[in-house]
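The values are calculated or read from the model by the stated rules, or taken from the named source; none is laboratory data. Treat the numbers as computed from the prediction; the structure is a model and nothing was measured. Backbone-built Cβ (ideal geometry, glycine too); neighbour counts: all protein chains shown.
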Amino acid sequence: MDSTAAAFEKQISKTKVKNVLSRVLIYSVLILWAFSSIYMLFWVVNNSFREKTEILNDSFSFVTYPTDENYRTAFGRLSREENMSILRAYLNSVIISGSTVICVTVLGGLAAYAMARYSFKLKNVLYLILAGSLLFPAYSLIVPIFRMIQGIGLVNNPIGVIIPQTAVNLAFSIIILMGFIKNLPTEIEEAAYMEGCGVFSVFFRIILPVTKPAFATVGIFTFLWSYNDLFLQMSILRKRVSYPVSALLNEISSQFGTDFGLMCSATTIVVLPILIIYLFLQKNIMKGLTAGAIKG
């Protein structure tokens, strides 16, 4: 009896040691990954306050004599021929990304509600098509998308970017929202229908408030994807006055590739809104990703 208890305690101690070692390994990898990511951001911000010559000589030490010349140049005229204002580029990005988020959340939410609550022919086939569309990279669709946008005369128009970005993100939003709506009880909706509410009234007054975490996740990821989408924006928008901020950063990198201080300051300006959005909305991202995972 004593030998059995001793063997059991020995096995428990071995398990505890293994758990501790695995945790140490996992946390070590995570700390190393976090440090490398944070250091890259620190390196960019730190060098954005240096002069170009100082960066070439020493770019890894902490800046001794900071200067705001790079930021004043970035917010001013970056070229004698063209006025590439970052403030205008921010406005273009807000218009494009904000409109895309509104279209994706509204259309995707309505479609997800219909897919989750109603039965109709070829419903499973439609779901398979939505899931399969996620396997196609957006780059493979650029030729038909551009010809379609050119055919309806929306080249150099923000709407010509909003429409494709909305279409590309709809499948993702529908699948994410369906998983959450399916797990909601139907009793409240049935009571609302008995009181005379219509489909849209039920959706906007009942479904939407309950599914805020899932909608927040879809909206955040859609905004980030739209904000960082350089390939489609450069293909549709050809005039610099209509450039969003990511396309403007590419223009700066192309024209001022040797001015590393200006590139670092421009990168900081572009990344800062995304960083702020993530820091304030990271709880909604985590809630939305786990939404619908547990039924009840």
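Looking at (1) assigned to a helix (DSSP H, G or I); (2) touching a Leu at 6+ places or on another chain (Cβ under 8 Å), can you tell me which one Ser99 breaks?
So the condition that Ser99 fails would be (2).
Conditions (1) of a type outside the set (A, V, I, L, M); (2) crowded, with 19+ Cβ neighbours inside 10 Å; (3) modelled with pLDDT of 80 or more; (4) part of a helix (DSSP H, G or I), marked per residue:
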site	(1), (2), (3), (4)
Tyr227	yes, yes, yes, yes
Leu249	no, yes, no, yes
Ile252	no, yes, no, yes
Val271	no, no, yes, yes
Tyr278	yes, no, no, yes
Leu281	no, no, no, yes
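Given the structure, is Ile145 hydrophobic (A, V, I, L, M, F, W, C), assigned by TED's automatic domain parsing to the domain that holds Ile96 and in contact with a helix residue (DSSP H, G or I) (Cβ under 6 Å, 6 or more places away or on another chain)?
Judged against the criteria, Ile145 is a match.
Consider Ala112 carefully, then state whether it is modelled with pLDDT under 90 and either part of a helix (DSSP H, G or I) or farther than 22 Å from Pro209 by Cβ (or both).
The answer is no for Ala112.
Given the structure, is Ser97 touching a residue at least 60 places away in the same chain (Cβ under 8 Å) and either over 30 Å from Ala247 (Cβ atoms) or buried (at least 16 other Cβ atoms within 10 Å of the Cβ) (or both)?
yes
Tell me the residue from Ala138, Ala191, Ala171, Ala131 that is loosely packed, with under 14 Cβ neighbours inside 10 Å, touching a residue at least 40 places away in the same chain (Cβ under 8 Å) and not hydroxyl-bearing (Ser, Thr, Tyr), please.
Criteria check complete, one pass: Ala131.
Could you tell me which residue of the range 41-64 is farthest from the chain's Cα centre (by Cα), considering only residues that are of a type in the set (A, V, I, L, M, F, W, C) and assigned to a helix (DSSP H, G or I)?
Leu56
Right, Ser28: at pLDDT 80 or above, of a type in the set (Ser, Thr, Tyr) and surrounded by 10 or more Cβ atoms within 10 Å (Cβ to Cβ) or not?
yes
Residues checked against (1) outside the structural domain of Tyr243 (by TED's automatic domain parsing); (2) within 24 Å of Val241 (Cβ to Cβ); (3) at pLDDT 90 or above:
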position	(1), (2), (3)
Leu130	no, no, no
Ser133	no, no, no
Phe136	no, no, no
Ser140	no, no, no
Asn156	no, yes, no
Val161	no, yes, yes
Gln165	no, yes, yes
Val168	no, no, no
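Somewhere in the range 118-132, is a residue part of a helix (DSSP H, G or I), charged (D, E, K, R) and at negative phi?
Checked the range 118-132: at least one residue is part of a helix (DSSP H, G or I), charged (D, E, K, R) and at negative phi.
Test Ile96 against the criterion of being at pLDDT 90 or above and assigned by TED's automatic domain parsing to the domain that holds Thr211, and give yes or no.
yes
Might you check whether a residue that is touching a Gly at 6+ places or on another chain (Cβ under 7 Å) and of a type outside the set (Gly, Ala, Ser) occurs anywhere in the range 133-152?
yes
Select from the range 141-167 the residues that are among the β-branched types (Val, Ile, Thr) and not in a helix (DSSP H, G or I) and write down the one among them that is surrounded by the fewest Cβ atoms within 10 Å (Cβ to Cβ).
Ile152
With respect to Val202, determine if the residue is under 29 Å from Ile174 (Cα atoms), assigned to a helix (DSSP H, G or I) and without any contact (Cβ under 8 Å) to a residue 24 or more places away in the chain.
When the stated conditions are applied, Val202 passes them.
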